[in-house]
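Read through the structure below, which is laid out as structure tokens, and then see the notes.
The values are calculated or read from the model by the stated rules, or taken from the named source; none is laboratory data. Predicted model only: the values in this text are computed from it and were never measured. Because the Cβ atoms are built from the backbone with ideal geometry, glycine has one as well, and the counts that use them run over all protein chains shown.
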Amino acid sequence: MFYVYVVFYKSLPSSLSLSLYWITHIISGSDMSTSDDKPEIVERGTKDEKHEEDDKEEGKGGFIEKVKDFIHDIGEKIEEAIGFGKPTADVTAIHVPLINLHKADIVVDVLVKNPNPVPIPLIDINYLVESDGRKLVSGLIPDAGTIKAHGEETVKIPLTLIYDDIKQTYADINPGSIIPYRVKVDLIVDVPILGRLTIPLEKTGEIPIPYKPDIDLEKITFETFSFEETVANLHLKLENKNDFDLGLNSLDYEVWLGDVSIGGAELTKSAKVEKSGITYIDIPITFKPKDFGSALWDMIRGRGTGYSMKGNIDVDSPFGNMKLPISKEGGTTRLKKKKEDRDYDDDDEDDED
């Protein structure tokens, strides 16, 4: 003999009626039909069997109440899940931590906000950098992290532009120029219930293709002269061939007269070098003339002597700090008196000789 328990809970969400039906069905081992809030027991057995089941009624009722509470909690969780929202994202900044003649490192800051009660993973980040519709670089960053529940996080996307690759691909992009760019980013996130979502982002800006400055040692003026130690000034002409201004911070250099190094140094020097402009810089130097042989005597006699110069300049630009090389091979310079005009034309004197 057996009993049929017919149970119906009006207080539960309608979406859980089916689940409750099957759980109650398993407990009672029979079919169900609609009744009031309290379970209705229909007797179909003998009195002895009914008496035995009455002893167990209280225990079974407590168990069913626990099942009811459990399913109610599940219903609340499902309702919360149905209310999950789509994360939002925005490009907040673009940084250029490194730029030189060979490459530019770019970091894109993306602020991602998660409105959901659980953390969400960033599955992939796809990025593309283009200029006037032409691809400069693209890539994929997998497993980019997790955004905490009801939180936000700035995700940093590192990119690198290799200038040689760009110039080989697009011959019309010239060194020293400024080109427009567009960064496109697709964030792929995984949200419970909603599944995988793609959040597209874009940001535009400008990036330079740097060109190294030209440098000339126009003349050397002596402050004090002796064969043991001479103090002189190197008068340098620095030409900026870029389409943007440079702010000189410092330079390091080494100078050779003929085949002999007269030394070098690293100096802090401030000067503005305007775009496509020329700036003159004076650099003090100390050396021993007795080590130079014929190169020095050629200078003393008014003849030009060959020189070479290599080094680097540290400059600020509208796009960030740069360290650019400077070099001059096979140049010619002359000895000048201390107070002579800087605009002395070496080429004219070469012609007169």
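Is there a residue in the stretch 185-201 that is charged (D, E, K, R) and at pLDDT 95 or above?
yes
Please work out which one of (1) modelled with pLDDT of 90 or more; (2) crowded, with 17+ Cβ neighbours inside 10 Å is the condition GLU152 fails and give its number.
Here GLU152 clears every test but (2).
Could you list all residues from the stretch 295-323 that are at pLDDT below 70, surrounded by 15 or more Cβ atoms within 10 Å (Cβ to Cβ) and in a loop (DSSP other than H, G, I, E, B)?
ARG303, GLY304
Hey, does the stretch 235-242 have a residue that's within 30 Å of TYR127 (Cα to Cα), crowded, with 18+ Cβ neighbours inside 10 Å, not assigned by TED's automatic domain parsing to the domain that holds LEU98 and not β-branched (Val, Ile, Thr)?
yes
Six or more apart or on different chains, Cβ atoms under 7 Å: show the pairs whose first residue is in the stretch 108-136 and β-branched (Val, Ile, Thr) and modelled with pLDDT under 95 and whose second is outside any strand (DSSP E or B) and surrounded by fewer than 15 Cβ atoms within 10 Å (Cβ to Cβ).
Cβ pairs passing all conditions: VAL118/ALA149; VAL118/PRO192.
Quick check: anything in the stretch 249-258 buried (at least 16 other Cβ atoms within 10 Å of the Cβ), more than 17 Å from ILE283 (Cβ to Cβ) and at pLDDT 90 or above?
no
Residue pairs, Cβ under 6 Å, 6 or more apart or interchain, first in the stretch 211-228 and modelled with pLDDT under 85, second charged (D, E, K, R). List them.
Qualifying pairs under 6 Å: GLU218/LYS237; LYS219/ARG334; LYS219/LYS336; THR221/LYS336; THR221/LYS338; PHE227/LYS290.
Does TYR170 satisfy the condition of being touching a residue at least 60 places away in the same chain (Cβ under 8 Å), touching a strand residue (DSSP E or B) at 6+ places or on another chain (Cβ under 9 Å) and of a type in the set (Phe, Trp, Tyr)?
Here the answer is no, as TYR170 does not meet what is asked.
Outside the structural domain of ALA93 (by TED's automatic domain parsing) and not aromatic (Phe, Trp, Tyr): does that describe GLU202?
So GLU202 fails the test.
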